[in-house]
Amino acid sequence: MFESVLVANRGEIARRIIRTVRRTGLRAVAVYSEADADLPYVREADDAVLLGPADPRQSYLDVERVLDAARITGAQAVHPGYGFLAERADFARAVEKAGLTWIGPSADAIERMGDKINARNLMEQAGVPVAAGTRMPVTEVEQAVVAAAGIGYPVMVKTAGGGGGIGMGVARDEEGLVKAFEAASRAAARSGGGPAILLERYIERARHVEVQILGLADGRVVAVGERDCSVQRRHQKVVEESPSPGITAELRERMLAAAVRAGEAVGYRGAGTVECLVDAEKQDFVFLEMNTRLQVEHPVTELVTGIDLVEAQLRIAAGADFGPIPAPRGHAFEFRVYAEDPKRFFPGPGKIGVWKEPSGDGVRVDSGYAEGNIVTPFYDPLMAKLCVYGETREEALERARRAVADFTVVGPKNNLPFCAELLDHPEFAGGDYDTGLVSRMR
């Protein structure tokens with residue numbers, strides 16, 4: 001086992017990783033920008049290195065500065081967290097070229113799954129169900145019009161690279177397709193990606209369900225349950241739960257088996273997620289994408305299995321054996337607490353005057369901030385993840401209601417009022433919801 005780990009990230013996820021790194025007896029090295037110097041994760045690490053200004057391009061996204069931080073602190077391994085450099089194959093290769101251990105899947109696996117069109121074609125070859133869609137990159141709107149006519153409306157339009165739902169749009173006719181294609185192209189240009197666009201058949205009232213996988217050091221790939229991520233605004237997740245209340249046991253088994261095949265198809269190693277769209281009425285599913293990193297919502301899987309997924313990543317990267325995978329039990333939710341307007345979901349940064357986290361049986365808070373910190377406009381507005389566990393979904397819901405009511409944040413705008421509203425919404429409370437729920441609420 002390596003003895004020190006540099007966490008190439010910030011905020012909530014850096015703090016969460018540092019906690020496990022130190023618990024397992026390893027030395028944790030943090031990196032930070034000038035804007036993040038006072039955040040808790042910087043103090044809680046054994047060592048911390050200033051990368052540069054707030055601009056991510058001059059700090060968290062600067063590969064050479066991150067590697068220099070590892071060199072001067074003597075870090076032996078690098079954990080990328082999620083976002084920033086986590087799914088950059090060139091970063092994974094640079095880490096290994098520097099003689100460090102990369103805590104994640106191979107650069108080849110990251111590259112193969114990073115392009116949605118390539119990933120979709122590969123999954124189809126591996127026997128994983130995919131929606132009708134384009135098998136080649138679409139770069140011109142005229143091509144998109146022809147392709148959509150062949151697929152049949154409505155179609156989902158999205159960039160071939162990148163994640164997080166950015167640039168996605170639904171087209172129900174040719175006029176809508178032109179608008180969605182142009183929006184996706186602009187999003188691809190802003191993110192620095194290529195002009196390739198993917199079109200797929202859109203599933204009405206779909207659920208977004210993902211399977212957590214682990215590629216073990218001995219070459220096996222195992223599935224560790226599923227998470228329902230259907231509560232979304234602007235195609236971005238807000239609340240997740242496990243198990244999914246919208247799928248049958250038979251569908252769950254098929255999805256888990258397909259996720260294992262997906263991991264095996266790329267020789268996957270470490271923690272990853274196979275995301276799917278589920279037609280709840282037909283109880284069928286199709287592959288959406290594969291995230292080659294730790295997910296924001298990984299705590300819900302940890303709560304229902306007892307597995308520390310970060311510790312699993314460390315052990316797998318070190319080539320260590322991994323014990324039996326516990327069967328999930330009980331029910332868990334995660335509520336992403338954002339510094340944003342609870343109605344329109346626009347970012348609302350500011351200084352935190354009061355920060356009071358809830359506690360009690362089955363309550364876990366993974367936070368990146370504390371009282372007195374400033375939520376800046378430079379990064380994602382996620383402040384914390386409020387997670388709850390119960391023996392049943394009903395018990396978990398009741399604990400969630402109490403925890404949301406007991407969570408106090410004064411200063412930045414925050415979406416806790418939205419979380420309270422959601423918990424009392426009959427569709428969510430009853431478990432019969434889909435990715436359009438938030439739009440119907442607004």
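What are the pairs with Cβ atoms under 7 angstrom where one residue, in the range 311-336, is under 30 Å from residue 402 (Cβ atoms) and the other, located anywhere, is loosely packed, with under 13 Cβ neighbours inside 10 Å and not charged (D, E, K, R)? Sequence gap at least six, or different chains.
326/306; 331/392
Just a yes or no: is a residue in the range 243-266 touching a strand residue (DSSP E or B) at 6+ places or on another chain (Cβ under 9 Å), modelled with pLDDT of 95 or more and polar (S, T, N, Q)? Walk me through how you get there before you give the answer.
Taking the range 243-266 and keeping what is touching a strand residue (DSSP E or B) at 6+ places or on another chain (Cβ under 9 Å), we get 243-247, 251-252, 254-264, 266.
Cutting the leftovers down to modelled with pLDDT of 95 or more gives us 243-245, 247, 251-252, 254-264, 266.
Still in the list and also polar (S, T, N, Q): 244.
Yes: the range 243-266 contains one or more residues that are touching a strand residue (DSSP E or B) at 6+ places or on another chain (Cβ under 9 Å), modelled with pLDDT of 95 or more and polar (S, T, N, Q).
Within the range 142-162, which residues are without any contact (Cβ under 8 Å) to a residue 24 or more places away in the chain and closer than 12 Å to residue 196 by Cβ?
Hit for the range 142-162 is 143, nothing else.
Does the range 396-404 include one or more residues that are in contact with a Leu (Cβ under 8 Å, 6 or more places away or on another chain), of a type outside the set (Asp, Glu) and part of a loop (DSSP other than H, G, I, E, B)?
Among the residues of the range 396-404, not one is in contact with a Leu (Cβ under 8 Å, 6 or more places away or on another chain), of a type outside the set (Asp, Glu) and part of a loop (DSSP other than H, G, I, E, B), which makes the answer no.
Quick check on my filter: what residues within the range 16-47 are buried (at least 24 other Cβ atoms within 10 Å of the Cβ) and among the acidic types (Asp, Glu)?
36
Give the residue, chosen from 6, 51, that is surrounded by fewer than 24 Cβ atoms within 10 Å (Cβ to Cβ) and part of a strand (DSSP E or B).
Just a single option satisfies the conditions, and that option is 51.
Kindly indicate the residue of the range 86-110 that is out of contact with any Phe, Trp or Tyr (no Cβ under 8 Å at 6 or more places or on another chain) and surrounded by fewer than 19 Cβ atoms within 10 Å (Cβ to Cβ) and also nearest to residue 166 (Cα to Cα) among those meeting that condition.
Among those that are out of contact with any Phe, Trp or Tyr (no Cβ under 8 Å at 6 or more places or on another chain) and surrounded by fewer than 19 Cβ atoms within 10 Å (Cβ to Cβ), it is 88.
If you check residue 83 against the conditions, is it on the phi > 0 side of the Ramachandran plot and buried (at least 20 other Cβ atoms within 10 Å of the Cβ)?
Against the criterion (on the phi > 0 side of the Ramachandran plot and buried (at least 20 other Cβ atoms within 10 Å of the Cβ)), residue 83 qualifies.
Sort out which residues of the range 267-296 are touching a helix residue (DSSP H, G or I) at 6+ places or on another chain (Cβ under 7 Å), assigned to a strand (DSSP E or B) and modelled with pLDDT of 95 or more, and write them in order of number.
Result: 270, 271, 272, 274, 276, 285, 287, 290.
The values are calculated or read from the model by the stated rules, or taken from the named source; none is laboratory data. Just so it is clear, the model here is predicted, and its values are computed rather than measured. FYI the Cβ positions are ideal-geometry reconstructions off the backbone, even for glycines, and counts take in every protein chain you see.
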